[in-house]
Amino acid sequence: MWQSDLRRMKAHGIETVRVFEFAWSVIEPKDNEWDFSLFDDFLALAAEESMQVILGTPSATPPAWLTHAHPEVLNAKMDGTLYRHGHRRHYNYNSPVYRQYVHRVVEKLAQRYGNHPAVIGWQIDNELNCETNVFYSQADHEAFRTWLKKRFGTLEALNDAIGGRFWSQSFSDWEEVFLERPVVGRGNPHLSLLEKEFISDSAISFADMQSQILRKYIGHRFITSNGMFGHLKNDELTNRVLDFYSYDNYPNFAYGQSGINGGDGGVMKDRSSSFALSTVRGFSPNFAIMEQQSGAHGWDHAMLSPMPLPGQMRLWTMQAIAHGADYVSYFRWRTAAFGTEIYWHGILDYDNRDNRRLKELGEIDQDIQKMRDMAGAKYQAKVLLLTDWLNDWDGERDQWHGPMAYQSNQAIFAASQHTHTPLDIKPWNDAMTPEELAAYQLIFLPHAAILTEKMAKVLKAYCEAGGKLVLGARTGYKDEYGRCISLPMPGYAADFCGVTVEEYSLPRPDETAMLVWNGKTYPVTGFQESLVPQDSQAIAGYDSGWLQGKAALCEKLYPKGGCAWYVGTGFSESLAEAFLNAASAAHPYSQIVDCPPQVELAVRSNGKEDWLILLNYTKQPQPVYVDERFVPVLGRMDFLQPLGVGIWKKDSL
């Protein structure tokens, strides 16, 4: 079957396969007893058939003999109950025993296949921090103490960072320090934030261990990892460990019917995957799709979903490519006939017959042949949504900014989509410079409760150089440990925004206020602050409620054309669009393309050629107009088919 599979794949455009990422028990059925025959035979056939292979390291699924003999390698719930063998990702990153076993199996694989002619690259583990992104094994508690000692040096410094005097939460001995455990209510919020940083560092260290082993043996071959899950600084993982990042792209979660992630996507449905793709692009400008949805997904007990409609596999493939993906691999070739993922459908069904999805794959291949020159071209955006790992993690718990930040991010994304304004999404890091940010005409930083003095200096320099910046309510009142600082809100942002916050409140349930700006009204969402301009100007106010007549939006202008806007509420789509218009950033391609809001617009450029991509997520044809200077690559010049794609290119100016 292998040979017929490989030949059938090639006939439909598949040039590379990923294999073995869960096969630890196959090659090591017992402790230090090795059987590579399956791998040897397959890779020999792949080389014979000119099929390229990405090999996965198998650390996501430790075998039963290992976890039975060494239960200390298992992850645990907060109460200490171990996650036993029987699923996947049930290990912890910090067990010295597990690291020894992983080191051995990765080195065995690298020594044997590092220079294999069929192997072009390696995937580390599978979906780091999927299934669960918290870890409470004994090894994790011990490693957390070591991590804190390195970070703070003394218990006194740690106690200060976590506000230990409150509720008598100070520690007098390092052995008293633990990751979160069951308590009345929730544990110390500042220690909880440190825990998430620790988990990220643990995952990156675990991946880095494997990367260093591989690089001793694999020569020029690439290293990647896949997923994008919580409590993981993916930019640091990519920069420190990988050659590029790989994302697992499942837009059909938008149509999920039950269980985990059922109905993700909101009103944007599958178009909302562009938010995740933009996020990946923010730390890996050209990336891979290691798992692209090809059929209905679901485990036998969760994540039920319908089969993708005819054309959606093609649409979602082009959506990924539009956002910067230069490699797309479908999950999976044939639907598994046994195990938890029997309903995570692949291109072929259990019966192995030709079907509609295989035919669509062949059509996608014909499209790709016309687009190969797009590889390496960069997504073009002049608007940035600036995010921050610490704020995201603090907001998971802090209900005074986290939910509002999520809603605002979605509103800004929707506004950019519906105005055909390409948007980048990038995480803040301390190496960021004003020069890097100067590439953007407008930056949204909606609700950075944690805004450090370093960040404030960079943002001020960006505004001074001519950049336009938008900040929202709850900005700047916390430090890097989540403690509230003793400065007038918005903390270090007050200087470059020219504003202070006089009053603030969650919305009152008995009032519905609107923000009035330039004669138009916008919903007050998430929070409400009254502002006092310092060296700025109040340009909008509240129309009713207890803050009626108070300033709701202030604007500070800079001599070189820069501007800092501070708005004392959350962002609706209409308010985000108003800022896009105020910055003259909306509809940047209106002179060369006209299409309805239901169509997504993306542009990639390599400096020689510009590629225009239009994506129709609806079941109806949509009219479009494209400037005649663009040459059609896919589709027509006047409309898009239902669930259709149009691609054009021209020489760069």
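Taking the condition of being surrounded by fewer than 19 Cβ atoms within 10 Å (Cβ to Cβ), in contact with a helix residue (DSSP H, G or I) (Cβ under 9 Å, 6 or more places away or on another chain), closer than 19 Å to Glu180 by Cβ and among the hydrophobic types (A, V, I, L, M, F, W, C), how many residues in segment 61-117 meet it?
Total meeting the criteria: 1.
Are there any pairs with C-beta distances below 6 angstrom linking a residue in segment 601-627 that is at positive phi to a residue that is part of a loop (DSSP other than H, G, I, E, B), with the two at least 6 apart or on different chains, and if so which?
Every condition considered, the pairs that remain are Gly607/Ser652.
Is it true that some residue in segment 37-45 is in contact with a strand residue (DSSP E or B) (Cβ under 6 Å, 6 or more places away or on another chain), closer than 28 Å to Arg89 by Cα and either open to solvent by 10 Å² or more (accessible area, probe 1.4 Å) or not hydroxyl-bearing (Ser, Thr, Tyr) (or both)?
No, every residue in segment 37-45 fails to be in contact with a strand residue (DSSP E or B) (Cβ under 6 Å, 6 or more places away or on another chain), closer than 28 Å to Arg89 by Cα and either open to solvent by 10 Å² or more (accessible area, probe 1.4 Å) or not hydroxyl-bearing (Ser, Thr, Tyr) (or both).
Considering only segment 531-539, I want to know if a residue exists there that is in contact with a helix residue (DSSP H, G or I) (Cβ under 8 Å, 6 or more places away or on another chain), touching a residue at least 60 places away in the same chain (Cβ under 8 Å) and either of a type in the set (Ser, Thr, Tyr) or in a loop (DSSP other than H, G, I, E, B) (or both).
No - not one qualifying residue is present in segment 531-539.
State whether one or more residues within segment 288-299 are hydroxyl-bearing (Ser, Thr, Tyr), touching a residue at least 40 places away in the same chain (Cβ under 8 Å) and farther than 28 Å from Glu195 by Cβ.
Yes, segment 288-299 contains at least one residue that is hydroxyl-bearing (Ser, Thr, Tyr), touching a residue at least 40 places away in the same chain (Cβ under 8 Å) and farther than 28 Å from Glu195 by Cβ.
One residue is enough: does segment 243-255 have a residue meeting the conditions modelled with pLDDT under 95 and more than 21 Å from Arg314 (Cα to Cα)?
no
Sort out which residues of segment 296-337 are touching a Gly at 6+ places or on another chain (Cβ under 6 Å) and open to solvent by less than 40 Å² (accessible area, probe 1.4 Å), and write them in order of number.
Hits for segment 296-337 are Ala302, Met303, Ser305, Trp333, Thr335.
Of the residues Gly339, Gly395, Gly362, Gly376, only one is in contact (Cβ under 8 Å) with a residue 24 or more places away in the chain, on the phi > 0 side of the Ramachandran plot and not hydrophobic (A, V, I, L, M, F, W, C); which?
That would be Gly376, the only listed residue that is in contact (Cβ under 8 Å) with a residue 24 or more places away in the chain, on the phi > 0 side of the Ramachandran plot and not hydrophobic (A, V, I, L, M, F, W, C).
Cβ-Cβ under 6 Å, sequence separation 6+ or interchain: first residue in segment 141-154 and touching a residue at least 12 places away in the same chain (Cβ under 8 Å), partner hydrophobic (A, V, I, L, M, F, W, C). Which pairs?
Matching pairs, first to second residue: His141/Phe178; His141/Leu179; Phe144/Leu179; Phe144/Phe198; Arg145/Trp174; Arg145/Val177; Trp147/Phe198; Leu148/Leu158.
Given the options Lys550, Lys556, name the one that is open to solvent by 70 Å² or more (accessible area, probe 1.4 Å) and either at pLDDT 95 or above or out of contact with any Asp or Glu (no Cβ under 7 Å at 6 or more places or on another chain) (or both).
Lys550
Just to check your reading of the model, which residue among Ala405, Ala431 is among the hydrophobic types (A, V, I, L, M, F, W, C) and under 14 Å from Gly570 (Cα atoms)?
The unique qualifying residue is Ala405.
Among the numbered criteria (1) farther than 21 Å from Tyr101 by Cα; (2) polar (S, T, N, Q); (3) touching a residue at least 12 places away in the same chain (Cβ under 8 Å); (4) open to solvent by 40 Å² or more (accessible area, probe 1.4 Å), which one does Ser25 miss?
So Ser25 meets the others, but not (1).
Tell me, which residue of segment 490-525 that is touching a residue at least 60 places away in the same chain (Cβ under 8 Å) and in contact with a Pro (Cβ under 7 Å, 6 or more places away or on another chain) is nearest to Val470 (Cα to Cα)?
Cys497
For residues that are open to solvent by less than 10 Å² (accessible area, probe 1.4 Å) and either among the aromatic types (Phe, Trp, Tyr) or assigned to a helix (DSSP H, G or I) (or both), scanning just segment 361-378, find the one that is farthest from Ala296 (Cα to Cα).
Met374
Counting only residues that are of a type in the set (Ser, Thr, Tyr) and over 17 Å from Val17 (Cβ atoms), which one in segment 318-358 is farthest from the chain's Cα centre (by Cα)?
Tyr350
Condition first: in contact with a strand residue (DSSP E or B) (Cβ under 6 Å, 6 or more places away or on another chain), at pLDDT 95 or above and within 30 Å of Gly153 (Cα to Cα). Can you find one or more residues in segment 199-212 that meet it?
yes
Output the residue which, of all residues in segment 279-308 that are out of contact with any Lys or Arg (no Cβ under 9 Å at 6 or more places or on another chain) and of a type in the set (S, T, N, Q), is nearest to Leu423 (Cα to Cα).
So, considering only residues that are out of contact with any Lys or Arg (no Cβ under 9 Å at 6 or more places or on another chain) and of a type in the set (S, T, N, Q), the one nearest to Leu423 (Cα to Cα) is Ser284.
Taking only segment 1-22 into account, find how many residues are assigned to a loop (DSSP other than H, G, I, E, B), acidic (Asp, Glu) and open to solvent by less than 70 Å² (accessible area, probe 1.4 Å).
1
Where in segment 572-635 are the strands (runs of 3 or more DSSP E), entirely inside, with at least 1 residues that are open to solvent by 70 Å² or more (accessible area, probe 1.4 Å)?
Answer list for segment 572-635: 631-634.
Residues checked against (1) buried (at least 22 other Cβ atoms within 10 Å of the Cβ); (2) of a type in the set (Asp, Glu):
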| site | (1), (2) |
| --- | --- |
| Asn188 | no, no |
| Leu191 | yes, no |
| Glu197 | no, yes |
| Lys216 | no, no |
| Gly219 | no, no |
| Gly230 | no, no |
| Asn239 | no, no |
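Is it fair to say Trp167 is surrounded by fewer than 16 Cβ atoms within 10 Å (Cβ to Cβ), aromatic (Phe, Trp, Tyr) and closer than 23 Å to Pro96 by Cβ?
No, not satisfied.
Results for (1) more than 33 Å from the chain's Cα centre (by Cα); (2) farther than 20 Å from Ala578 by Cβ, shown as yes or no for each residue.
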{"position": "Ala493", "(1), (2)": "no, yes"}
{"position": "Val499", "(1), (2)": "no, no"}
{"position": "Tyr504", "(1), (2)": "no, yes"}
{"position": "Met514", "(1), (2)": "no, no"}
{"position": "Asn518", "(1), (2)": "yes, no"}
{"position": "Tyr522", "(1), (2)": "no, no"}
{"position": "Ile539", "(1), (2)": "yes, no"}
{"position": "Glu555", "(1), (2)": "no, no"}
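The values are calculated or read from the model by the stated rules, or taken from the named source; none is laboratory data. Not measured: the values here are computed from a predicted model. Because the Cβ atoms are built from the backbone with ideal geometry, glycine has one as well, and the counts that use them run over all protein chains shown. Note: accessible area is taken over every heavy atom of the protein model, side chains too, but ligands, DNA and RNA are not part of it. Shrake-Rupley method; radii C 1.70, N 1.55, O 1.52, S 1.80 Å.
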